[in-house]
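Report on the following structure.
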Amino acid sequence: MTAKALAAATGIDYREHLRLPMMPHILCPGCGHGIVLKALLRAIRSLDLDWDRLAFVAGIGCSSRLVGYIDGCTLHTTHGRALTFATGLKLARPDLTVVVITGDGDGLAIGGNHLIHAARRDVDLACLLLNNETYGMTGGQVAPTTVPGSVSTTTPRGATEPPFDACALVTAAGASFVARGATSLPLELDTLIAAAIAHRGFSFVEIESDCPEYFGRYNRLGRAPEMLQQQRRRFDEVDETLAAKRFVGAPPHAGVPRLRTGVLHERKT
Amino acid sequence: MSQLVQGNEACARAAIASGCRFFAGYPITPSSEIGESMARLLPDVGGVFVQMEDEIASLGAVLGASLGGARALTATSGPGFTLMQEHIGYAALAEIPCVVVDVMRGGPSTGLPTRPSQGDVMQARWGTHGDHPVVALAPYSSAEVFELTSRAFALSERLRVPALVLYDEVIGHLRERVDIADVPLARGERPRPSVGPAAYEAYAPGPDLVPPLADFGRGYRFHVTGLTHDERGKPTDDPAIVGALHRRLQEKVVRARDDVVSVATVALEDAEVAIVAYGVAARAAERAVSDARARGLRAGLFRPRTLWPFPDAELRGLASRVRALVVAEMNLGQLLLEVERVAAGRTHVEPCLRADGTPLTPEDIGTAIGEVIGAAV
Ligand code: SF4
């Protein structure tokens with residue numbers, strides 16, 4: 001499909017909001033993060049926000065690189081610290097809508113302390129945490145969300161540590177809007193991101209994304225389409241025949257309890 | 001009207017008077033009074049105070065606020081200053097104005113939380129990785145804390161560099177009579193784009209090598225990154241662009257050097273021996289000079305109010321005139337290395353060092369003066 005035909009079919013011309021001189025982008029073919037970027041642009045369009053009052057802040061990692069491709073006020077900060085910059089920006093400029101993009105390593109390992117404090121402060125930020133269970137940028141090391149048994153470059157015999165449940169963590173820390181979405185459920189993603197941005201207070205969306213290049217390859221999960229199908233089976237929204245099966249997804253996710261997508265927690269302020 | 005003003009309080013009042021409207025910090029002795037004063041003062045002028053979860057977050061928030069257009073401040077001491085190095089480097093490369101005050105205590109590590117030191121001089125210069133420009137000012141009285149904090153804001157905004165203010169615990173907690181109305185406020189604005197949003201490039205330098213900076217959320221859309229970038233902010237590893245960027249970052253401070261470097265002197269005209277000292281050590285040095293003069297010894301004081309960039313030219317001239325330079329500082333020899341580099345054998349350099357958590361005394365410095373004069377005679 002040409003870009004024009006795509007624009008006609010989806011009602012949005014993504015090029016309008018992309019920073020074309022920044023292209024080509026760095027993402028690998030099949031990377032799930034591109035799906036999130038498009039969902040974010042559609043969500044912003046659905047809210048009819050003023051692009052001159054929008055700011056995008058990110059940390060370090062493949063997911064964080066997304067902000068550079070958005071034609072807006074974009075701030076690519078240091079590893080794990082996006083929420084600290086975003087907090088300062090929002091407090092100094094309450095007129096701005098501030099969206100934060102982070103990853104599982106960025107947001108939950110090196111930036112974990114900033115995440116729980118941002119949730120506790122409940123500053124009006126929308127934080128999207130793209131969880132692909134690995135450090136893609138550095139070549140596929142184990143992350144705080146990696147499911148036990150997974151192979152990574154630093155767990156060649158399989159991960160052993162229990163992972164974080166990011167949504168439960170930020171809910172306990174005080175976030176007033178918490179949701180989970182997935183790249184395998186892209187239309188729901190639009191609604192969740194839009195709701196997170198519209199919410200006043202700290203809103204958090206964990207987005208299950210895929211890294212075919214490392215996590216997929218090391219765990220023999222196939223290429224992007226196969227990974228998306230397997231990912232889908234990890235959520236409640238799977239059809240009954242699949243849900244009836246005793247396992248969820250392919251190894252290493254087989255046997256892992258299924259996750260719920262949608263809005264998990266909301267406190268109106 | 002003069003009042004008793006504590007050094008740390010003078011710092012906060014200078015920040016407010018200089019238009020600072022954002023403070024993010026984390027409590028740490030002996031700098032906490034700066035944050036406490038800002039928490040009291042900022043709401044009345046429409047500013048924002050936030051206590052963050054650590055010092056990394058504090059400087060992160062300051063940089064975010066600065067990009068939104070606010071003049072922003074944080075304050076800390078040694079251990080926190082160590083954590084802030086990450087974002088001092090970010091501010092240097094991404095060229096975001098900010099002022100960081102470091103009230104120096106004994107180190108390394110938790111060290112001596114309530115005792116003075118001057119042990120962070122080299123950390124201020126080289127604490128963050130990579131080559132980078134740094135401006136660091138060193139006041140020695142409450143009045144000068146006020147003056148140099150204001151100057152730090154002016155320089156940081158004008159040059160788009162992190163500006164550091166370094167003073168020891170004694171200066172931070174000293175209460176002195178100050179007539180704030182008499183202390184000059186420095187003026188310096190961040191350069192603003194002269195072109196419209198379509199033509200704006202956030203890292204295209206002006207004639208003074210400083211790129212104009214737009215605020216986030218006022219019509220200009222641009223990318224800010226800690227990756228090495230081209231004039232549009234696009235990450236690159238093109239050696240020509242990378243090399244030119246690093247040189248420009250240094251050169252913009254070198255070009256403004258005469259406005260940045262400031263030295264105060266006492267009785268240097270006929271001095272045989274010059275003391276080099278800053279902060280509270282310079283207070284002891286002033287007394288040591290008058291005591292030496294009373295004994296008929298021709299001593300003088302060279303007091304850098306700017307530590308970085310180091311006042312090379314000013315000291316070089318002096319080094320060729322005096323018999324000896326006595327470097328008096330409260331560490332095991334940090335600015336000493338710079339003095340030796342600049343003196344380059346032109347004169348004898350005598351260390352007068354103390355790193356035991358107590359201030360240098362006039363007697364310590366007097367003894368050093370006596371020794372070098374005795375040795376030279
Ligand atoms: S390494 Fe993985 S996460 Fe990073 S861009 Fe490639 S596929 Fe995406």
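The values are calculated or read from the model by the stated rules, or taken from the named source; none is laboratory data. Note that the structure is predicted; figures quoted are calculated from it, not measured. Glycine gets a Cβ as well: all are built from the backbone with ideal geometry, and neighbour counts include every protein chain shown. Heavy atoms of the whole protein, side chains included, go into the accessibility calculation; ligands, DNA and RNA do not. Shrake-Rupley method; radii C 1.70, N 1.55, O 1.52, S 1.80 Å.
Overview of values
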read-out: Accessible area in the full protein assembly, largest first, 1.4 Å probe, for B:LYS234, A:LYS38, B:LYS252; value: A:LYS38, B:LYS234, B:LYS252
read-out: Choice from B:ASP237, B:ASP120, B:ASP131 showing the highest fluctuation, given a GNM over chain B with Cα pairs closer than 10 Å; value: B:ASP237
read-out: Choice from B:LEU318, B:LEU73, B:LEU93 showing the highest fluctuation, given a GNM over chain B with Cα pairs closer than 10 Å; value: B:LEU318
read-out: The protein assembly as shown: translational diffusion in µm²/s, Stokes-Einstein, Kirkwood Rh over Cα pairs, 10 °C, 1.306 mPa s; value: 60
read-out: Residue (of B:ALA284, B:VAL342, B:PRO197) at the positive-pole extreme of the protein assembly as shown, dipole from beta-carbon charges; value: B:PRO197
read-out: Label-point separation, B:ASP259 to B:ALA17 (7 Å along Cα→Cβ), nm; value: 2.1
read-out: Probe 1.4 Å, protein heavy atoms only - accessible area per residue of the range B:102-181 in square angstrom; value: 31
read-out: Local electrostatic count, B:GLU169, Cβ distance below 9 Å [Lys/Arg +1, Asp/Glu -1]; value: +1
read-out: 23 Å tail of the calculated P(r), the range B:276-377, as % of Cα pairs; value: 18
read-out: Solvent-accessible area buried by pairing A with B, both sides, nearest 100 square angstrom, 1.4 angstrom probe; value: 2800
read-out: Rounded to whole Å, sorted largest first: equivalent-ellipsoid semi-axes of the range B:3-182, Cα gyration tensor; value: 21, 19, 15
read-out: Relative contact order (%) - the range B:262-376, alpha-carbon pairs under 8 angstrom, separation at least six; value: 31
read-out: Translational diffusion coefficient (Stokes-Einstein; Kirkwood radius from C-alpha pairs) of the range B:14-120 at 25 °C, 0.890 mPa s, in µm²/s; value: 179
read-out: Reference-scaled alpha-carbon Rg (2.2 N^0.38 Å with N residues) for the range B:197-258; value: 1.17
read-out: Antiparallel %, DSSP beta bridges [both residues in chain A], to 5; value: 25
read-out: Helical mean residue ellipticity (222 nm; -39500 (n - 2.57) per DSSP H run of 4+; nearest 500) of chain B; value: -12000 deg cm²/dmol
read-out: Averaged over A:12-20, number of beta-carbon atoms from partner chains that fall within 10 Å; value: 1
read-out: Carbon + sulfur, % of accessible area of the range A:27-266 - ligands and nucleic acids excluded, 1.4 Å; value: 55
read-out: Max mean-square fluctuation residue, GNM over chain B, Cα-Cα springs under 10 Å, options B:ALA199, B:ALA214, B:ALA271; value: B:ALA199
read-out: Projected area, mean over directions - the range B:153-311, Cα convex hull, nm²; value: 13.7
read-out: Antiparallel content of DSSP bridges confined to the protein assembly as shown, in %, to 5; value: 25
read-out: The range B:262-376 - share of DSSP beta bridges that are antiparallel (%, nearest 5); value: 20
read-out: Length gained when the stretch B:SER320-B:ARG177 is fully extended (0.36 nm per residue, less Cα-Cα span); value: 47.7 nm
